[in-house]
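The structure appears right after this line, and notes come after that.
The values are calculated or read from the model by the stated rules, or taken from the named source; none is laboratory data. Quick caveat: nothing in here was measured; it's all calculated off a predicted structure. Glycine gets a Cβ as well: all are built from the backbone with ideal geometry, and neighbour counts include every protein chain shown. All accessible areas refer to the heavy atoms of the entire protein, side chains included, with ligands and DNA or RNA removed. Shrake-Rupley method; radii C 1.70, N 1.55, O 1.52, S 1.80 Å.
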Amino acid sequence: TNDFTACKSKLRYLDPKWNGTPEDMIAFGKECVASKKWGGDVPLTLTEARRQIAMDLPRDAQTAYMRMPEVWSDIQASYERYFEIHPNAGSNLRYPYAWYAFRCGQMQDFTYQVKLIQDADGTVKSNYFGGADVFNKLVETANSETLSN
């Protein structure tokens, strides 16, 4: 019931390339978030479903897909449920959460997650994002988009 690897295997089975549909993948992911019996990393199955669906799209359609409000809503629900189950989890999963927020165009959420992953001196392990230059550009973009909204 707490086996994320098993959940990822089921997602592969539900992939349209094999036996399912994107809707099947999302429904299973939502079941993983809603379950009060399952723990571990299982709530992240919904994020994995959205990631796999995006990766199967043509490259030029991936950004539009990730910017759909329901995609962010699912990813956010997935991570928030994870952190509800694991309130003392370290910042390791906040890095991908921040990245997804940025990719989904949720700049305020990106900025919030960045604040949560900063060390006491304000630094962030920028290598997760592709290095200091890339990370600084993400922050700059988030700040400018937040100010313009």
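List the pairs whose first member sits in region 115-126 and is under 16 Å from Phe102 (Cα atoms), whose second member is of a type in the set (D, E, K, R) and surrounded by 13 or more Cβ atoms within 10 Å (Cβ to Cβ), and whose Cβ atoms are under 6 Å apart, counting only residues at least 6 apart or on separate chains?
Note: pairs meeting the criteria are Leu116/Arg94; Ile117/Arg94.
Give the residue, chosen from Ile75, Ile53, that is modelled with pLDDT of 95 or more and under 11 Å from the mean Cα position of the chain (by Cα).
Answer to the check: Ile75.
Looking only at region 106-141, which residues are buried (at least 17 other Cβ atoms within 10 Å of the Cβ) and in a loop (DSSP other than H, G, I, E, B)?
Listed by number, the residues that qualify are Gln106, Val124.
Of Arg50, Arg81, which residue is touching an Asp or Glu at 6+ places or on another chain (Cβ under 6 Å), assigned to a helix (DSSP H, G or I) and without any contact (Cβ under 8 Å) to a residue 60 or more places away in the chain? First the steps, then the outcome.
Values: Arg81 fails: touching an Asp or Glu at 6+ places or on another chain (Cβ under 6 Å).
Among Arg50, Arg81, only Arg50 is touching an Asp or Glu at 6+ places or on another chain (Cβ under 6 Å), assigned to a helix (DSSP H, G or I) and without any contact (Cβ under 8 Å) to a residue 60 or more places away in the chain.
What pairs come up if the first residue lies in region 1-30 and is outside any helix (DSSP H, G or I), the second is among the β-branched types (Val, Ile, Thr), and their beta carbons are under 8 Å apart, counting only those six or more places apart or on different chains?
Sorted first by the residue in region 1-30, then by its partner, the pairs are Thr1/Val42; Asn2/Val42; Asp3/Val42.
Would you mind telling me which numbered condition in (1) in a helix (DSSP H, G or I); (2) in contact (Cβ under 8 Å) with a residue 12 or more places away in the chain; (3) closer than 30 Å to Ala132 by Cα Ser73 fails?
If we test Ser73 against (1) in a helix (DSSP H, G or I); (2) in contact (Cβ under 8 Å) with a residue 12 or more places away in the chain; (3) closer than 30 Å to Ala132 by Cα, just (2) comes out false.
Find the residue count for region 49-87, including only residues that are over 19 Å from Gly105 (Cβ atoms) and among the basic types (Lys, Arg).
1
Taking region 16-47 on its own, how many of its residues are hydrophobic (A, V, I, L, M, F, W, C) and open to solvent by less than 50 Å² (accessible area, probe 1.4 Å)?
Residues flagged as hydrophobic (A, V, I, L, M, F, W, C) and open to solvent by less than 50 Å² (accessible area, probe 1.4 Å) within region 16-47 amount to 8.
Mind checking which residues of region 25-50 are more than 16 Å from the chain's Cα centre (by Cα) and of a type in the set (A, V, I, L, M)?
Within region 25-50, Ala27, Ala34 qualify.
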